[in-house]
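Participant: Starting off with a structure, shown below.
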Amino acid sequence: MNLKWTEPVVVITGASSGIGKASARQFAEKGARLVLAARRKNLLDDLVDELANQGCEAIAVEADVSDKEDVQEIAKQAIREFGRIDVWVNNAGVGAVGRFDEIPLEEHDQLIRTNLMGVIYGSSAALRLFRRRGQGVLINVASVEGKQAFAYHASYAASKHAIVGLSSALRQELSVNKERNIFVCTVMPAAINTPFFRHSANFTGKKVVAPPPVYAPEQVAKTIVKLAWSPEEEAYVGGLGRFMGAQSRVARKFSDRQAGWLQQRKQIKEAPEGVNKSGALFEPDEEGIEAKDEWTESGRIVDPTAIALGAIIPVAAGIWYWKRRSVQNRERERDYEIRRAS
């Protein structure tokens, strides 16, 4: 499906930095008119000025997506300014890292309110408007952790699994009601080079580090913009994330063990000392500068562990799959012989 948008009106939550900011810039290049929402109004205003200098119409809406009234206000301001919404991108999200029982319940509550309820509020606002017009594209940014969870990310992984399930259920509703011009897309990025890791709540006693390889936010933005014109049900960003999603489907136990081992090694054993904190869960961090210290120009960490896993995992998964098929074949042959004998 290729949509014929001209100057589409696009709402982006979490637009003050990272994936949201990169998406705003790329949508502007395509002639979109933008409604940019986040908690950090000063950073949004700077981005609106930047885009205005390039001839893009954009407005900034200060909003916390964990508050349903704020999300409704995003929709109201979009309609007031532009008269419609064509594309809604639920991108805002927060993280919390640590042993599940050592993270205060208040932190888990706030993460779920932001990552899951924020997407539910945004999806509800968007779909109500799309159904009135009979068209629209809803893009929910989940994570590869919506398919493959990681240790020490329990509530984050839960929220992203929920977004994947929510999006699937919405697609089914649209299908059975024959609403064929409304689309729901789910984006599943791997680790991305944004301030997300510095802003995450952290109860590990270690510095939060991104699990390599880490990709540039512009790669996610490119996928999001593409989906606005050519919707797909699910889209991965990052080769390792795509592989882990596939691996988790065919070798769940092996995939879980591998993910847990990698997190234990990178996030706990090898990570430098850090300070426990709530990060940006409850209040935004005014710093909007992207993380660049560890990254290569391509936006990807070259990590020996990742290279080794990239070589070993396909072989190990292939061996596991071959052994499983061999066992299944032997069982079928045994059952056949038993039936013949009887």
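Participant: Quick one: length gained pulling residue 68 to residue 265 fully straight, 0.36 nm per residue minus the C-alpha distance?
Facilitator: On the way: separation 197, 0.36 × 197 = 70.92 nm, distance 3.87 nm.
Full extension from residue 68 to residue 265 adds 67.1 nm.
Participant: Roughly how many nanometres apart are two label points built 7 Å out from the Cα toward the Cβ at residue 249 and residue 80?
Facilitator: Label at residue 249, label at residue 80, 4.5 nm between them.
Participant: What is the spin-label model distance, in nm, from residue 256 to residue 172 if the labels are put 7 Å beyond Cα along the C-beta direction?
Facilitator: It works out to 2.3 nm between the two label points.
Participant: Also: Can you compute the FRET efficiency between residue 4 and residue 133 using 1/(1 + (r/R0)^6), with r the Cβ-Cβ distance and R0 = 22 Å? Round to the nearest 0.05.
Facilitator: On the way: r = 14 Å, r/R0 = 0.66.
Efficiency at R0 = 22 Å is approximately 0.90.
Participant: Of the peptides 83-89, 143-149, 68-74, how do they stack up when ordered by the mean number of other Cβ atoms within 10 Å, highest first? Before the final figure, lay out each step's value.
Facilitator: Values: 83-89: 22.6, 143-149: 25.0, 68-74: 18.6.
Per-residue mean Cβ counts within 10 Å order the peptides as 143-149, 83-89, 68-74.
Participant: Moving on to the next point. Of the listed peptides 151-161, 121-131, what is their order by residue-averaged count of other C-beta atoms within 10 Å, with the highest listed first?
Facilitator: Working: 151-161: 21.9, 121-131: 20.2.
My ranking of the peptides, most packed first, is 151-161, 121-131.
Participant: What full-extension length gain, to one decimal in nm, is calculated for residue 207 and residue 52 as 0.36 nm per residue of separation minus the Cα-Cα distance?
Facilitator: Numbers: separation 155, 0.36 × 155 = 55.80 nm, distance 3.76 nm.
So the chain would gain 52.0 nm between residue 207 and residue 52.
Participant: In straight Cα distance, which lysines are under 21 Å from residue 253, not counting same-chain residues fewer than 8 positions off?
Facilitator: Output for residue 253: 147, 160, 266, 323.
Participant: Right, something else. Please report, for the Cα atoms of the stretch 1-117, the Rg to one decimal and the Dmax as a whole number; what are they, in angstrom?
Facilitator: Just the Cα atoms of the stretch 1-117 yield Rg and Dmax of 15.5, 50 Å.
Participant: Same structure, new question: Percent antiparallel among DSSP beta bridges with both residues in the stretch 9-302, to the nearest 5? Could the numbers behind the result be given before it?
Facilitator: Details: 2 of 32 bridges.
For the stretch 9-302, the DSSP antiparallel bridge percentage is about 5.
Participant: If you don't mind, there's one more thing I want to ask. Grab the Cα-Cα distance for residue 42 and residue 285, subtract it from 0.36 nm times how many residues apart they are, and report the gain in nm with one decimal. Working shown, then result.
Facilitator: Values: separation 243, 0.36 × 243 = 87.48 nm, distance 1.17 nm.
Full extension from residue 42 to residue 285 adds 86.3 nm.
Participant: Whole number please: convex hull volume per residue, Cα atoms of the stretch 9-302, in Å³.
Facilitator: Numbers: hull volume 36.5 nm³, N = 294.
Enclosed volume per residue, from the Cα hull, is 124 Å³.
Participant: Given points 7 Å out from each Cα along the Cα-Cβ axis, report the residue 277 to residue 226 separation in nanometres with one decimal.
Facilitator: Output for this residue pair reads 3.5 nm.
All of the numbers you see were taken from the coordinates with simple rules; none came from a lab. Since the structure is predicted, the reported quantities are computational estimates derived from the model, not experimental observations. When we count neighbours, we look across all protein chains shown, and the Cβ atoms used for this are built from the backbone with ideal geometry, even at glycine.
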